[in-house]
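Scroll down for the structure; my scribbles are underneath it.
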Amino acid sequence: MRLSLRCSWIALLALAALPLQAATLLVNAHIHTMDPAQPEATALAWGSDGRLLAVGEVSDLQQRYPDAGKVDAKGATVIPGLIDAHGHMLGLGVTHIQVDLVGTSSKAQILDRLKAFATNLPKDAWLVGRGWDQNHWAGKQFPTAADLDALFPDRPVYLERIDGHAVWVNSAAMKLATKSLDGDWQPEGGRILRVGQKASGVLVDGAQHLVGDAMPRLTHEQTRDAYKAAFADAVAAGLTGVHDPGVSLDDFKVLQEMAAAHEIPLRLYEMADGNHAALDWLCTQGGHWADAGGRLQMRTVKLYMDGALGSRGAALLADYNDDHGNRGILVTSPDAYRSAVDKAHRCHVQVATHAIGDRGNRMVLDTYQAVLGDDAKSDHRWRVEHAQIVALDDIPRFAQLRLIASMQPTHATSDMPWAEQRLGAERLKGAYAWQRFIHDNVPLAFGSDFPVEHVNPMLGIYAAVTRQDLKGQPPAGWLPDQRVSRLQALAGFTRGAAYASYMENEVGMLKPGMRADFVLLDGDPLTVVPRQIADLKPLSTWVDGKAVYQAEKTNAAQ
Ligand SMILES: [Zn+2]
């Protein structure tokens, strides 16, 4: 008794002799905390562990932390670090080492870019690119191998469509296919476009791998470089977190190395790429793996139900309005899908399924319901990625099954020029229907699906609030009753995304105890005129209380 008393006195004296934990203050800031209990503040304090100590007014925090280091925000607007709930990190990274075709509006323009890029390639290297979209060309027809063959008779060319759901290849690439593409057969979950018996050069969904598998893989070094480039893009856009839907076990091991070497500047929430090695490994980890530094986790599997709307691969309950007899593609057979979901459920892995069409979404809901059974009431946080076109009767089922709708506001504004052609007016009621989901109390997480869309989350917030393109069209917004408020849009990229990754007690709000992840912006997304939301720029991006990005001529002093 006496001994232990004396020991605790010694411990107390030792504690008193320690300096208080070194704190840092952000002052002179205009802070939107996203914490409903205290929405506004002018100062933040955080400790050397990178967690917030206090959120409040400058004078008060200065008094409480007189010895704290100071960061002057010079009046900048501060919001919680933005989280993209659906962004492909490696896909974004490889855009730096492949031909970028985003924004092209004709085949001629694409051929020019390919020609220029090929001048720096070794003689026998594949020419790989992505980002074409025939909807932006005169005629809107799918391209052919012949379009590429004149310029590239020998070099294999492999060009992904903007949505990643189709590739355009030349004859040299088709010659290397793992199986002859000619004839009248079709692969499961995919489609080879042909003229007569002859493959014409476009492979949709489950057909892409027939040529893709023949392509040389990225080296370990190229993979690291691609990830580094993607990290830099993400933090420069104000992202402090990304949910990455689909990583192979090999690529995840690269990320684990990078996390151990403290080379990951933001929080990555990785999903295993289907029912493959990464999911098997995750099952051996009890369904959740996290690094010690809080930058890398995996606890989710990403599965695919159907294709995408642009390439008419989205599975619909009725025919495409502009392609009679076509109801889209199930890229995974219902049996294989069910067994993957069963396996994830057994391993306590969160399930996230890509579903675009109303038939694809219904199959996901039916499968989740059957597999979850009574567990639908538990805190499973299963997700539907995109939930893009949903039958109106099916929207309330998301809430009944306690699912999260992970949606991408820029998909609505990118697809609005042609979505009605594909779907007709009636089905548009359940298309990109954010307000209907909110009305039925379905939690939303917002993202961009980069590199399908731009990595910049301000474009997503702008699209969510206006449902207009960057030219302000259409003037009232497309299907304007589905627009969301600015706070709802910000919540989708902060609290909503945090919830979808079980991190609502860590990130997504600025509140004592939570991580000091925040962004200084050059304007206020809650008050600038709507069009200016798209142009807001991060001055600096902070993760765990450290700047991981600073704009070159930043006003924010460090
Ligand atoms: Zn995606």
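The values are calculated or read from the model by the stated rules, or taken from the named source; none is laboratory data. Quantities reported herein were computed from a predicted structural model and do not represent experimental measurements. FYI the Cβ positions are ideal-geometry reconstructions off the backbone, even for glycines, and counts take in every protein chain you see.
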*Residues being modelled with pLDDT under 95 and among the basic types (Lys, Arg): count how many of those fall in the stretch 295-340.*
1
*Could you tell me which numbered condition residue 333 fails, if it satisfies all but one of (1) of a type in the set (Ser, Thr, Tyr); (2) more than 23 Å from residue 270 (Cβ to Cβ); (3) touching a Phe, Trp or Tyr at 6+ places or on another chain (Cβ under 6 Å)?*
(3)
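When you look at residue 482, is it farther than 25 Å from residue 547 by Cα, more than 16 Å from the ligand (Cβ to nearest atom), buried (at least 19 other Cβ atoms within 10 Å of the Cβ) and at pLDDT 95 or above, yes or no? First the steps, then the outcome.
Numbers: farther than 25 Å from residue 547 by Cα: yes; more than 16 Å from the ligand (Cβ to nearest atom): yes; buried (at least 19 other Cβ atoms within 10 Å of the Cβ): yes; at pLDDT 95 or above: yes.
For residue 482, the condition - farther than 25 Å from residue 547 by Cα, more than 16 Å from the ligand (Cβ to nearest atom), buried (at least 19 other Cβ atoms within 10 Å of the Cβ) and at pLDDT 95 or above - is met.
Could you list, in sequence order, the residues of the stretch 78-112 that are of a type in the set (Val, Ile, Thr), part of a loop (DSSP other than H, G, I, E, B) and within 16 Å of the ligand (Cβ to nearest atom)? I'd like the intermediate steps shown before the answer.
Start the filter on the stretch 78-112 by keeping residues that are of a type in the set (Val, Ile, Thr), which leaves 78-79, 83, 94-95, 97, 99, 102, 104, 110.
From the residues that got through so far, the ones that are part of a loop (DSSP other than H, G, I, E, B) too are 95, 97, 102, 104.
Passing the criteria: 95, 102.
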*Kindly indicate whether residue 465 is more than 16 Å from the ligand (Cβ to nearest atom), in contact with a Phe, Trp or Tyr (Cβ under 6 Å, 6 or more places away or on another chain) and not charged (D, E, K, R).*
no
*Within the stretch 471-478, can one find any residue that is in contact with a Leu (Cβ under 8 Å, 6 or more places away or on another chain) and either within 16 Å of the ligand (Cβ to nearest atom) or at pLDDT 95 or above (or both)?*
no
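Just name the residue that is farthest from residue 332 (Cα to Cα) out of those in the stretch 167-194 that are of a type in the set (Val, Ile, Thr) and modelled with pLDDT of 95 or more. First the steps, then the outcome.
So in the stretch 167-194, the residues of a type in the set (Val, Ile, Thr) come out as 167, 169, 178, 192.
Retained after the next criterion (residues that are modelled with pLDDT of 95 or more): 167, 169, 192.
Values: 167: 19, 169: 23, 192: 17 Å.
Looking at the filtered set, the residue picked out is 169.
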*Looking only at the stretch 387-424, which residues are more than 14 Å from the ligand (Cβ to nearest atom) and at positive phi?*
402, 424
*Go over the candidates 351, 371, 364, 384 one by one and state the one that is farther than 25 Å from residue 142 by Cα, within 16 Å of the ligand (Cβ to nearest atom), part of a helix (DSSP H, G or I) and touching a strand residue (DSSP E or B) at 6+ places or on another chain (Cβ under 9 Å).*
364
*Considering 395, 389, which residue is crowded, with 22+ Cβ neighbours inside 10 Å, among the β-branched types (Val, Ile, Thr) and closer than 30 Å to residue 456 by Cβ?*
389
*asked:* Report every pair of residues separated by at least 6 positions or lying on different chains whose Cβ atoms are under 6 Å apart, first residue within the stretch 123-136 and part of a helix (DSSP H, G or I), second of a type outside the set (Lys, Arg).
replied: 134/142; 135/418; 136/105
*Within the stretch 439-453, count every residue that is within 11 Å of residue 398 (Cβ to Cβ) and either touching a strand residue (DSSP E or B) at 6+ places or on another chain (Cβ under 9 Å) or surrounded by 16 or more Cβ atoms within 10 Å (Cβ to Cβ) (or both).*
3
*asked:* Pairs needed: first member in the stretch 189-201, free of Cβ contacts under 8 Å to residues at least 60 places away in the same chain; second member anywhere, assigned to a strand (DSSP E or B) and surrounded by fewer than 17 Cβ atoms within 10 Å (Cβ to Cβ); C-beta distance under 9 Å; at least 6 residues apart or different chains.
replied: 200/194
*Which of the residues belonging to the stretch 205-249 are more than 16 Å from the ligand (Cβ to nearest atom), farther than 20 Å from residue 303 by Cβ and hydrophobic (A, V, I, L, M, F, W, C)?*
210, 211, 214, 215, 218, 226, 229, 231, 232, 235, 236, 237
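Looking at the stretch 528-548 only, could you name the residues that are among the polar types (S, T, N, Q) and either in contact with a strand residue (DSSP E or B) (Cβ under 9 Å, 6 or more places away or on another chain) or modelled with pLDDT under 95 (or both)? Break it down stepwise before answering.
Taking the stretch 528-548 and keeping what is among the polar types (S, T, N, Q), we get 532, 540-541.
Scanning the stretch 528-548 gives 540, 541.
Among the candidates 64, 130, single out the residue that is basic (Lys, Arg), touching a strand residue (DSSP E or B) at 6+ places or on another chain (Cβ under 7 Å) and under 24 Å from residue 449 (Cα atoms).
Values: 64 fails: under 24 Å from residue 449 (Cα atoms).
Of 64, 130, the one residue that is basic (Lys, Arg), touching a strand residue (DSSP E or B) at 6+ places or on another chain (Cβ under 7 Å) and under 24 Å from residue 449 (Cα atoms) is 130.
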*Kindly indicate which of 131, 50 is within 16 Å of the ligand (Cβ to nearest atom), of a type outside the set (Asp, Glu) and closer than 30 Å to residue 383 by Cβ.*
131
*Do we have any residue at all in the stretch 294-303 that's out of contact with any strand residue (DSSP E or B) (no Cβ under 8 Å at 6 or more places or on another chain) and over 15 Å from residue 543 (Cβ atoms)?*
no
*Condition test on residue 494, is it out of contact with any helix residue (DSSP H, G or I) (no Cβ under 7 Å at 6 or more places or on another chain) and β-branched (Val, Ile, Thr)?*
yes
_Residue pairs meeting the criteria (Cβ under 7 Å; at least 6 apart or on separate chains; first within 16 Å of the ligand (Cβ to nearest atom), in the stretch 164-187; second polar (S, T, N, Q) and at pLDDT below 95)_ = 165/311; 166/311
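In the stretch 463-501, what residues are part of a loop (DSSP other than H, G, I, E, B), in contact with a strand residue (DSSP E or B) (Cβ under 9 Å, 6 or more places away or on another chain) and within 23 Å of residue 87 (Cα to Cα)? It would help to see each step written out before you state the result.
Initial filter on the stretch 463-501 (part of a loop (DSSP other than H, G, I, E, B)): 467-479, 483-485, 493-494, 500-501.
Then drop every residue that is not in contact with a strand residue (DSSP E or B) (Cβ under 9 Å, 6 or more places away or on another chain), which leaves 479, 484, 493-494, 500-501.
Residues satisfying the conditions are 484, 493, 494, 500, 501.
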_Being out of contact with any helix residue (DSSP H, G or I) (no Cβ under 6 Å at 6 or more places or on another chain), of a type in the set (A, V, I, L, M), more than 14 Å from residue 227 (Cβ to Cβ) and more than 16 Å from the ligand (Cβ to nearest atom) is the filter here; which residues of the stretch 261-293 pass it?_
279, 282, 290, 292
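Can you tell me how many residues within the stretch 419-452 are outside any helix (DSSP H, G or I), out of contact with any Ser or Thr (no Cβ under 7 Å at 6 or more places or on another chain) and at pLDDT 95 or above?
Total satisfying the criteria: 11.
Going through the stretch 387-399 one residue at a time, which ones are assigned to a helix (DSSP H, G or I) and in contact (Cβ under 8 Å) with a residue 40 or more places away in the chain? Let's see the steps before the verdict.
As a first pass, look at the stretch 387-399 and keep what is assigned to a helix (DSSP H, G or I): 392-399.
Of everything in the stretch 387-399, those that are assigned to a helix (DSSP H, G or I) and in contact (Cβ under 8 Å) with a residue 40 or more places away in the chain turn out to be 392, 395, 396, 398, 399.
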_Long-range neighbours under 6 Å by Cβ, at least six apart or interchain, first residue of a type in the set (Ser, Thr, Tyr) within the stretch 243-272, second assigned to a strand (DSSP E or B) and more than 16 Å from the ligand (Cβ to nearest atom)_ = 269/297
